[in-house]
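Novice: What follows is a structure written as structure tokens; I'll ask about it next.
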Amino acid sequence: WSVPILELSPPLWTAIGWVQRGPWVKSPRSSGVRGLSLGAEMGSKVADLLYWKDTRTSGVVFTGLMVSLLCLLHFSIVSVAAHVALLLLCGTISLRVYRKVLQAVHRGDGANPFQAYLDVDLTLTREQMERLSQQIAFRMVSTATQLRHFFLVEDLMDSLKLALLFYILTFVGAVFNGLTLLILGVIGLFTVPLLYRQHQSLAPIRDATRFSLRIRAKIPGTGALASAAATVSGSKAKAE
């Protein structure tokens, strides 16, 4: 038997390996290997988005996130979700009706424009369901183990660090709300990596320029000739 369900991806905290650092967590081999491969694939796609490898895709994702977050600042989440769903339905229904109109005037076959997506198989076999349930159960147990480790003070230093983090977050929450922090985080995610890469690409050029200037300064006569040439050019400019 098979159950129609979308395949779930591993959470971000599992992909970056935060849970696996503790000695209290032990993952099975099969789920660990598959989780690493899925995490690597997801990380590659996220890196392509953040570094603007595909400008169109990154622009669409960034604009969609910013518009959604800005709408949530002024409207309720129910209203935003309803308007987004209504907009999507209006677009898909309009395309479907347009294809039907073309069929009525004998200028098309009237096929569903989304047939390629409807033909995608979203069912899972028994083995896939068992593997998926094992992964979900493993991550739930890992999360419960983490919470128990921190809140029941299994390690005093870890619990103190977490308490300090929450104490700092109380001051952050007094200045910013959650949506403001999300907006700033999205802007930072889509700008800081790109600026860092551009800065890194310009760093070798600056280093080479500084190195060449140091070499010229150490060559006998180079500095004197440069200063003399600058003095002559300055005197000619004053004479004119």
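The values are calculated or read from the model by the stated rules, or taken from the named source; none is laboratory data. What you are looking at is a predicted structure, and each value in this text was computed from that prediction instead of being measured. No Cβ is skipped: glycine too gets one built from the backbone with ideal geometry, and neighbour counts run over all protein chains shown.
Novice: Using beta carbons and a limit of 8 Å, which pairs, at least six apart or on different chains, have the first residue in region 153-180 and more than 27 Å from L70 (Cβ to Cβ) and the second one aliphatic (A, V, I, L, M) and surrounded by 11 or more Cβ atoms within 10 Å (Cβ to Cβ)?
Specialist: S159/V153
Novice: Exactly one of these conditions fails for H149: (1) touching a residue at least 60 places away in the same chain (Cβ under 8 Å); (2) closer than 30 Å to T92 by Cβ. Give me its number.
Specialist: For H149, the failing item is (2).
Novice: Moving to a separate point now. For F138, indicate whether it is within 26 Å of the chain's Cα centre (by Cα), on the phi < 0 side of the Ramachandran plot and part of a helix (DSSP H, G or I).
Specialist: Spelling it out, F138 is indeed within 26 Å of the chain's Cα centre (by Cα), on the phi < 0 side of the Ramachandran plot and part of a helix (DSSP H, G or I).
Novice: I'd like the residue in region 143-152 that is in a helix (DSSP H, G or I) and out of contact with any Gly (no Cβ under 9 Å at 6 or more places or on another chain) and, out of all such residues, is farthest from L73 (Cα to Cα).
Specialist: R148
Novice: Identify all residues within region 71-86 that are surrounded by fewer than 10 Cβ atoms within 10 Å (Cβ to Cβ) and farther than 15 Å from N177 by Cα; write none if there are none. Can you show your working first?
Specialist: Of the residues in region 71-86, the ones surrounded by fewer than 10 Cβ atoms within 10 Å (Cβ to Cβ) are 74, 78.
Residue satisfying the conditions is V78 alone.
Novice: Does L156 count as within 30 Å of S58 (Cα to Cα) and either among the aliphatic types (A, V, I, L, M) or in the same structural domain as L49 (by TED's automatic domain parsing) (or both)?
Specialist: Criteria not met by L156.
Novice: I need the full set of residues from region 123-135 which are surrounded by 12 or more Cβ atoms within 10 Å (Cβ to Cβ) and of a type outside the set (S, T, N, Q), in order please.
Specialist: Once the filter is applied, which keeps residues that are surrounded by 12 or more Cβ atoms within 10 Å (Cβ to Cβ) and of a type outside the set (S, T, N, Q), region 123-135 yields L124, M129, R131, L132.
Novice: Here's a follow-up. So how many residues does region 153-202 have that are assigned to a helix (DSSP H, G or I) and either among the hydrophobic types (A, V, I, L, M, F, W, C) or touching a Pro at 6+ places or on another chain (Cβ under 9 Å) (or both)?
Specialist: Here the count works out to 27.
Novice: Please find, within region 75-122, the residue that is nearest to L65 (Cα to Cα) out of those that are touching a Leu at 6+ places or on another chain (Cβ under 9 Å) and outside any helix (DSSP H, G or I).
Specialist: Going through the qualifying residues, I end up with F114.
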